[in-house]
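Encoded as structure tokens, the structure appears first; notes follow it.
The values are calculated or read from the model by the stated rules, or taken from the named source; none is laboratory data. Quick caveat, the model's predicted, so the values are computed rather than measured. Note: accessible area is taken over every heavy atom of the protein model, side chains too, but ligands, DNA and RNA are not part of it. Shrake-Rupley method; radii C 1.70, N 1.55, O 1.52, S 1.80 Å.
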Amino acid sequence: MTAFATPPSQTARIAPFDGLRGVAAVIVVMFHYLCMLHPSWAPISGEVKLLAHTPVNILWNGRLAVSVFFVLSGFVMPPQPCIVATC
């Protein structure tokens with residue numbers, strides 16, 4: 001019987017990158033919430049210009065968060081090589 005397995009020692013994850021992916025996912029959810037239920041508060045409406053050019057913009061910029069999420073996903077979860085284990 002042939003099985004594919006990855007030993008636990010080879011699946012080391014980078015916790016800060018996983019956390020940043022989680023933050024980016026939350027920002028995307030908040031962005032969609034604002035766009036659907038409160039469109040006047042959404043950053044794409046053009047009415048919220050007070051925080052548009054400040055570092056706080058990162059916290060509600062859903063488009064940037066999607067890019068960050070996908071780039072980090074490609075770095076954190078690369079395809080692991082399959083190791084053939086025989087019984």
Handout entry: Backbone HN-Hα couplings from phi across segment 65-75 [Karplus 6.51/-1.76/1.60, Hz, Gly and Pro as x]
Key = 5, 5, 5, 4, 4, 5, 5, 5, 5, x, 7
Practice task
Provide the solvent-accessible area of residue 36, counting protein heavy atoms only and rolling a 1.4 Å probe, rounded to the nearest 10 Å².
Solution key: 150 Å²
